[in-house]
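The values are calculated or read from the model by the stated rules, or taken from the named source; none is laboratory data. A quick note: this is a predicted structure, and the numbers were derived from the prediction, not measured. In this analysis, Cβ positions are derived from the backbone assuming ideal geometry, glycine residues included, and neighbour counts consider all displayed protein chains.
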Amino acid sequence: MGERWVVLARISRYNAGALNHAGSHEAPMSQDSSPLMEDDFLVALRRDLLKFARLQLRNDALAEDMVQEALAAALVGERSFAGRAALKTWIFAILRNKIVDHFRASGRVTNVSALSPEEAGLDQAFEALFKANEHWARDARPAPWGDPEEALIQQRFWVVFDACLNHLPASTARVFMMREFLELETAEICQALEITAGNCNVILHRARNGLRRCLDKNWFSPEPSRC
Amino acid sequence: MLSCRQATRLLSEAQDRKLGLSEKLSLELHLAMCKGCTNYRAQVSFLRDACRRYVADVREGRE
C-alpha cells in the first residue's frame, strides 16, 4: 500500500500554512483545529472510505485511486464543519460522486439481450422456483426468515452477506449497489449507464432474487450438511 | 389475477417506484392469498434494511 496519501496530506497542510510538526512556525488555530490535520483521524477515515470504495468497485487499485482523489479534493476544498461526523459525511459524499462518475464514464452495462452466462444462470435458477403456471413450486415457496433483524447484529451474518454480494455477476451487482448503497434513483441509474427503465428493473429484480436465495440458503435456512 | 412470478416483479419494482393504483390493488389481492409472496415481500424489504445498515456501519467505522 502506497503512502502517497500521507505525503499529499502533508503537502496540503504545508500549503495551508499549518506546518506545525516541524515546529518551524506556529499554525493559526483555525487551520490547526481541522480533524484533517490529525493523522489518527485521517487513517481511520481513509480505512472507512477504502472499505466503501472496494465494496462498490471490486478493484483494490481503483478503490485506492478513488479514495486518494476524494481525500485530495477534501484537503484542497476543505470548508469548516460542525464536528467530525459532518466532515466525514461530506468526504463520503465526494467519494460517492466520484464513484458514480466512474460508473458513468465506464459506460454501459449489459443489456437484456446480451446476458452473460452468470446472469443467464441466475435467471434460470429463478425460473426454476416456479411451476408451469408461474406459482411457487412447493419446495421453493419462500419461508419466513424469523426475526431477520436479529441477523443484522451478528458479525457472521455480514460475512455471508458480503459473500452473497460478491457472488452476484459484476454488472448485476453494480446496478444493485448504485441503487442500494449509493442510493441513486432508478432514473439516475438509467441515465448514468444508458439503459432503459425496463432493463434497470429487470436487473434489480435479478439482483434481489439472487441475494434473497443466497441468504436463504446460506444463513436463514442452512442445509444440515453445512459446517 | 397475478401469478407469483409477476408478483415478485412488482414487489421488486415497489422498492424503486410508486406503483399505480391497479398494480397496487392486484398485488394486495394476491398477497392476501399467498403466503410465499408475503414472505418474499418481507425478505426484499429486509435486503434494503441490510444494505442501509451495511453502508452505515462502513461510514461509522464499525467492524
Which numbered condition A:Ala151 fails, given (1) within 10 Å of chain B (Cβ to nearest Cβ); (2) outside any helix (DSSP H, G or I); (3) of a type in the set (A, V, I, L, M): (2)
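Have a look at A:Leu49, A:Leu36, A:Leu75 and point out the one that is part of a helix (DSSP H, G or I) and either under 25 Å from A:Val175 (Cβ atoms) or modelled with pLDDT of 90 or more (or both). So that I can check it myself, show each step before the final result.
Values: A:Leu36 fails: either under 25 Å from A:Val175 (Cβ atoms) or modelled with pLDDT of 90 or more (or both); A:Leu75 fails: either under 25 Å from A:Val175 (Cβ atoms) or modelled with pLDDT of 90 or more (or both).
From the options A:Leu49, A:Leu36, A:Leu75, the qualifying one is A:Leu49.
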Residues (out of contact with any Pro (no Cβ under 9 Å at 6 or more places or on another chain), more than 16 Å from B:Gln6 (Cα to Cα) and within 7 Å of chain A (Cβ to nearest Cβ)) located in the stretch B:20-51: B:Leu47, B:Arg48, B:Cys51
Qualifying residue in the stretch A:163-177 (condition: within 21 Å of B:Leu10 (Cα to Cα), touching a residue at least 40 places away in the same chain (Cβ under 8 Å) and polar (S, T, N, Q)): yes
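Hey, does the stretch A:169-181 have a residue that's part of a helix (DSSP H, G or I) and surrounded by fewer than 19 Cβ atoms within 10 Å (Cβ to Cβ)?
Taking the stretch A:169-181 as the starting set, the residues that turn out to be part of a helix (DSSP H, G or I) are A:170-180.
From the residues that got through so far, the ones that are surrounded by fewer than 19 Cβ atoms within 10 Å (Cβ to Cβ) too are A:170.
Within the stretch A:169-181, one or more residues are part of a helix (DSSP H, G or I) and surrounded by fewer than 19 Cβ atoms within 10 Å (Cβ to Cβ).
For the structure I just gave you, tell me whether A:Asp65 is surrounded by 15 or more Cβ atoms within 10 Å (Cβ to Cβ), assigned by TED's automatic domain parsing to the domain that holds A:His167, part of a helix (DSSP H, G or I) and modelled with pLDDT of 90 or more. Step through it out loud before you land on a result.
Working: surrounded by 15 or more Cβ atoms within 10 Å (Cβ to Cβ): yes; assigned by TED's automatic domain parsing to the domain that holds A:His167: no; part of a helix (DSSP H, G or I): yes; modelled with pLDDT of 90 or more: yes.
For A:Asp65, the condition - surrounded by 15 or more Cβ atoms within 10 Å (Cβ to Cβ), assigned by TED's automatic domain parsing to the domain that holds A:His167, part of a helix (DSSP H, G or I) and modelled with pLDDT of 90 or more - is not met.
This table checks each residue for (1) closer than 25 Å to B:Ala7 by Cα; (2) modelled with pLDDT of 95 or more; (3) surrounded by 13 or more Cβ atoms within 10 Å (Cβ to Cβ); (4) not assigned by TED's automatic domain parsing to the domain that holds A:Ala63.
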| position | (1), (2), (3), (4) |
| --- | --- |
| A:Ile91 | no, no, yes, no |
| A:Asn97 | no, no, yes, no |
| A:Val100 | no, no, yes, no |
| A:Asn111 | yes, no, yes, yes |
| A:Phe126 | yes, yes, yes, yes |
| A:Phe130 | yes, yes, yes, yes |
| A:His135 | yes, yes, yes, yes |
| A:Arg138 | yes, no, no, yes |
